[in-house]
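Asks: Next up is a structure, given as structure tokens.
The values are calculated or read from the model by the stated rules, or taken from the named source; none is laboratory data. Treat the numbers as computed from the prediction; the structure is a model and nothing was measured. We place every Cβ from the backbone using ideal geometry, glycine too, and count neighbours over all the protein chains shown.
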Amino acid sequence: MVEADDDHLESLLSQLNDQQRVAVEHDLNPLLIVAGAGTGKTTTLAHRVAWLIATGVDPRRIMLLTFTRRAANEMLRRVEAILSGLDHHADRTGRKRPGRGVWGGTFHSISARMLRKYGNALGLDSQFTILDRTDSEDLLQLLRIDMNLADSKKRFPLKGTCLDIYSRCMNSQRRLEEVLQFDFPWCAEYQDELKGLFRAFVDRKELQGVLDYDDLLVFWRALLDSDTGAEMIRSQFDAVLIDEYQDTNVLQSSILQLLSPEGQGVTVVGDDAQSIYSFRAATVRNILDFPQDFPNTTIVALEQNYRSTQPILEMTNRVISMAPERFEKNLWSDREQGPRPIIVESDNEDVQTDYLISQILEHRENGVPLNRQAVLFRASHHSLPLEIELGHRDIPFAKYGGLKFIETAHAKDLLSFLRIAENPRDEVAVMRVLTMLPGIGRKKGAQLMEMSKGQSDITAGWKDFKPPAATRDHWPLFIALIQSLSLKRSDDEPMSGQLKLVRRFYKPILESKYDNLRARENDLDQLERISDRYVNRASFLTDLALEPPTSMMELKDQTQDADEECLVLSTIHSSKGLEWDVVYLLQAIEGCLPSEMALRSGDDLEEERRLFYVALTRAKHWLYVGCPRRYFTRNNSFPGGRNVSVRKSRFLSDSVLECCEIINADLEIDADDLESYRSTGIDSRSIRDGLKNRWL
DNA sequence: TATGGATTCTTTTTT
DNA sequence: AGAATCCATA
């Protein structure tokens with residue numbers, strides 16, 4: 001083990017403030033870092049990891065759990081940078097890229113790694129494939145139909161709702177009755193049917209050797225709960241660090257308890273004021289109760305804000321001060337003064353859009369590049385009018401959150417072929433592939449499924465199948481494709497080769513099934529390029545299921561190095577942990593933020609408040625909050641959409657508005673300009689496809 | 001039994 | 001506006 005001497009440790013700490021230093025230097029007793037927005041949370045955590053390594057902990061015995069893959073990569077990059085700075089001073093320390101051995105990733109991805117390695121202790125096949133959200137819904141749908149629950153007269157909950165309920169039971173570790181009563185009261189009458197459905201769901205997944213997101217956590221915990229598994233895994237790690245702890249759920253915290261019952265080597269970082277994932281059963285209690293869960297805990301609070309100017313901080317502090325229960329924190333900053341946050345009032349959304357774009361361009365003129373500016377919003381569709389207008393004006397943007405291209409039908413189609421080769425028992429993949437062949441629907445698909453049951457080579461079970469006329473041309477090619485893919489266990493054929501093979505077969509199907517061919521082909525090209533970085537089919541599929549690229553731009557970054565300057569569009573949820581020089585928040589109005597759905601319960605409303613807080617605290621220098629007085633809404637009471645009058649978000653209380661500047665955008669915008677682009681009849685889809693084609 | 005069209009219902013955030 | 005389901009036709 002290599003230990004740095006005191007000088008080097010001192011230089012590691014030199015950039016930190018006193019509070020950060022205490023956190024970084026803390027021993028291996030349990031540590032809770034309460035880090036307000038912009039207080040250098042990432043820096044502190046990265047330094048703590050570097051400190052552990054520099055003081056002799058083997059990086060391969062450190063587990064770093066983050067919220068996204070992006071966060072993990074960023075953190076490890078910084079750990080390496082810190083340590084290589086040290087190495088630079090002392091070449092004799094020798095070790096290269098010490099961050100490399102750290103087990104970094106999300107709970108789900110690390111679980112997948114653990115289970116491939118040790119899962120057989122639980123009777124798990126290490127060849128398991130992973131169901132993403134839509135796959136799980138598809139499987140539930142198959143079962144729902146099988147079990148006669150899909151009859152519309154019954155008004156049984158839809159597949160997505162079923163999955164939400166199931167998932168909440170798993171992640172909050174509560175019984176179905178309780179979950180139904182508190183979170184889904186309108187589904188309570190179907191308790192028995194749901195119970196039956198979920199039992200079947202669990203059985204089916206086991207039979208098929210597939211795991212969904214929830215299973216990854218459940219099985220990891222089960223592994224840690226078994227005597228052998230617990231010992232095996234515990235003895236492998238000296239330190240466990242968890243970022244964004246306020247957004248973990250009880251299942252995840254119980255995993256932590258089992259990983260280190262006394263909390264030895266445990267560090268968690270979080271901010272109770274930024275807990276925004278309770279819809280995923282995250283509970284702020286995890287962070288509030290941490291000191292009780294691990295009795296020997298030291299709490300360090302980071303309160304010096306390095307991100308935002310004083311006026312922005314003043315506003316955000318006022319917003320969060322209205323929240324009832326929280327760790328008391330007083331964020332302060334010695335940063336320069338700056339412009340006050342701007343409330344943009346306008347008659348309607350289009351004026352808001354136009355005003356924001358004019359500001360975006362002006363900031364850019366003044367030297368803030370587009371990628372240092374972000375537009376944030378509560379729901380993915382809130383940005384659509386803006387996207388259209390950006391398209392019109394040829395302003396490049398990258399959107400985070402919302403539908404990922406990996407979830408598009410054609411991408412799922414393509415990947416299903418590979419999944420079958422990897423795990424022929426994977427019913428969702430098999431059914432998807434079979435029913436995309438002309439002439440084969442649900443019934444024939446189910447028959448074929450039955451025929452191949454228990455066969456190691458599924459095509460063997462289909463020898464006697466006489467394809468209907470519509471399928472005849474495709475069938476032999478299809479069989480040949482599956483066979484040839486199944487033979488390629490792993491590294492002998494590059495992934496892109498396998499994808500090319502699939503695409504040759506899939507092309508005519510794609511063409512007959514969908515329009516928009518050009519854009520879809522582009523997506524598939526992209527997929528092929530990504531695949532080339534993998535030598536191994538299982539890890540390719542796992543990565544795509546667990547941490548898919550979150551935006552088109554991210555794809556581009558990975559495949560080309562040219563960095564086009566792009567405006568960032570993001571849901572508030574996806575903006576967590578990030579910062580920009582200029583932040584524009586769209587639709588800070590009742591019904592959008594807080595969202596209409598959140599108005600039922602007080603807890604939900606508090607979460608909306610935190611969401612608002614998270615959005616505002618992303619801003620470093622300039623902050624704009626859009627409040628149109630009319631909003632074009634589409635919902636069941638107004639089919640086709642309708643302009644309704646709306647009020648400013650309730651979170652913009654008088655005391656908050658007091659420290660803002662209010663601008664009337666109607667006076668800044670030329671109404672004729674607005675008319676000229678709105679009257680041309682915009683087809684948003686073709687514009688977006690055009691943009692896609694141009695960039696990719 | 002597959003498939004396209006008509007009809008009825010729902011509508012956030014994501015690993 | 002889209003998804004889920006139902007229904008008529010090939």
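Asks: Is there a residue in the range A:373-388 that is acidic (Asp, Glu), in contact with a Lys or Arg (Cβ under 8 Å, 6 or more places away or on another chain) and in the same structural domain as A:ILE589 (by the TED database)?
Replies: Checking the range A:373-388: at least one residue is acidic (Asp, Glu), in contact with a Lys or Arg (Cβ under 8 Å, 6 or more places away or on another chain) and in the same structural domain as A:ILE589 (by the TED database).
Asks: Can you say whether A:ARG326 is assigned by the TED database to the domain that holds A:PRO594, touching a helix residue (DSSP H, G or I) at 6+ places or on another chain (Cβ under 7 Å) and without any contact (Cβ under 8 Å) to a residue 60 or more places away in the chain, as far as the supplied structure shows?
Replies: Spelling it out, A:ARG326 is indeed assigned by the TED database to the domain that holds A:PRO594, touching a helix residue (DSSP H, G or I) at 6+ places or on another chain (Cβ under 7 Å) and without any contact (Cβ under 8 Å) to a residue 60 or more places away in the chain.
Asks: Would you mind finding the one in A:ALA188, A:ALA112 that is of a type outside the set (Lys, Arg), away from DNA strand C (no atom under 14 Å from the Cβ) and surrounded by fewer than 21 Cβ atoms within 10 Å (Cβ to Cβ)?
Replies: Values: A:ALA112 fails: surrounded by fewer than 21 Cβ atoms within 10 Å (Cβ to Cβ).
The match here is A:ALA188.
Asks: In addition: For the condition out of contact with any Leu (no Cβ under 6 Å at 6 or more places or on another chain) and within 15 Å of DNA strand B (Cβ to nearest atom), what is the one hit in A:ARG199, A:ARG155? Explain how you work it out, then say what you get.
Replies: Values: A:ARG199 fails: within 15 Å of DNA strand B (Cβ to nearest atom).
None of the other options fit; the residue is A:ARG155.
Asks: Another one. If a residue has to be away from DNA strand C (no atom under 16 Å from the Cβ), assigned to a helix (DSSP H, G or I) and either crowded, with 17+ Cβ neighbours inside 10 Å or among the β-branched types (Val, Ile, Thr) (or both) to count, how many in the range A:437-448 make the cut? Please lay out each step first, then the result.
Replies: To start, the set of residues in the range A:437-448 that are away from DNA strand C (no atom under 16 Å from the Cβ) comprises A:437, A:447-448.
Filter once more, so that each one left must be assigned to a helix (DSSP H, G or I): A:447-448.
Checking which are either crowded, with 17+ Cβ neighbours inside 10 Å or among the β-branched types (Val, Ile, Thr) (or both) leaves us with A:448.
So the answer is 1.
Asks: Also: Would you mention how many residues in the range A:362-387 are surrounded by 19 or more Cβ atoms within 10 Å (Cβ to Cβ) and either among the aliphatic types (A, V, I, L, M) or closer than 30 Å to A:GLN498 by Cβ (or both)?
Replies: Number satisfying all stated conditions: 5.
Asks: Sticking with this one: Does A:ASP212 satisfy the condition of being within 10 Å of DNA strand B (Cβ to nearest atom) and not aliphatic (A, V, I, L, M)? Even if it seems obvious, please write down each step before you answer.
Replies: Details: within 10 Å of DNA strand B (Cβ to nearest atom): yes; not aliphatic (A, V, I, L, M): yes.
Yes, satisfied.
Asks: Could you identify the single residue in A:LEU517, A:LEU499, A:LEU477 that is more than 16 Å from DNA strand C (Cβ to nearest atom), at pLDDT 90 or above and under 31 Å from the mean Cα position of the chain (by Cα)? Let's see the steps before the verdict.
Replies: Working: A:LEU517 fails: at pLDDT 90 or above; A:LEU477 fails: under 31 Å from the mean Cα position of the chain (by Cα).
Selected residue: A:LEU499, the only one of A:LEU517, A:LEU499, A:LEU477 that is more than 16 Å from DNA strand C (Cβ to nearest atom), at pLDDT 90 or above and under 31 Å from the mean Cα position of the chain (by Cα).
Asks: Report the residue count in the range A:606-637 for those that are modelled with pLDDT of 90 or more and within 16 Å of DNA strand B (Cβ to nearest atom). Walk me through it before giving the result.
Replies: Step one: of the range A:606-637, the residues modelled with pLDDT of 90 or more are A:606-629.
Those left that are additionally within 16 Å of DNA strand B (Cβ to nearest atom): A:606-615, A:618.
Total satisfying the criteria: 11.
Asks: Might you let me know whether the range A:189-200 holds any residue that is free of Cβ contacts under 8 Å to residues at least 24 places away in the same chain, outside any helix (DSSP H, G or I) and either within 30 Å of A:SER456 (Cα to Cα) or not polar (S, T, N, Q) (or both)? Full working, then the answer.
Replies: Residues of the range A:189-200 free of Cβ contacts under 8 Å to residues at least 24 places away in the same chain: A:189, A:191-192, A:195, A:199.
Those left that are additionally outside any helix (DSSP H, G or I): none.
Within the range A:189-200, none of the residues are free of Cβ contacts under 8 Å to residues at least 24 places away in the same chain, outside any helix (DSSP H, G or I) and either within 30 Å of A:SER456 (Cα to Cα) or not polar (S, T, N, Q) (or both).
Asks: Among the residues of the range A:302-354, count how many are under 27 Å from A:GLY391 (Cα atoms) and in a strand (DSSP E or B).
Replies: Number of matching residues: 5.
Asks: When the range A:220-259 is examined, which residues are found to be assigned to a helix (DSSP H, G or I) and either farther than 24 Å from A:ALA281 by Cα or not assigned by the TED database to the domain that holds A:HIS47 (or both)? Can you show your working first?
Replies: First pass over the range A:220-259, keeping only residues assigned to a helix (DSSP H, G or I): A:220-225, A:227-234, A:245-247, A:250-259.
A:ASP227, A:THR228, A:GLY229, A:ALA230, A:GLU231, A:MET232, A:ILE233, A:ARG234, listed by residue number.
Asks: Return only the number of the condition from (1) surrounded by fewer than 20 Cβ atoms within 10 Å (Cβ to Cβ); (2) within 19 Å of A:ALA598 (Cβ to Cβ) that A:VAL179 does not satisfy.
Replies: Condition not satisfied by A:VAL179: (1).
Asks: Count, please, the residues in the range A:119-163 that happen to be over 25 Å from the mean Cα position of the chain (by Cα), more than 13 Å from DNA strand C (Cβ to nearest atom) and charged (D, E, K, R).
Replies: The total comes to 1.
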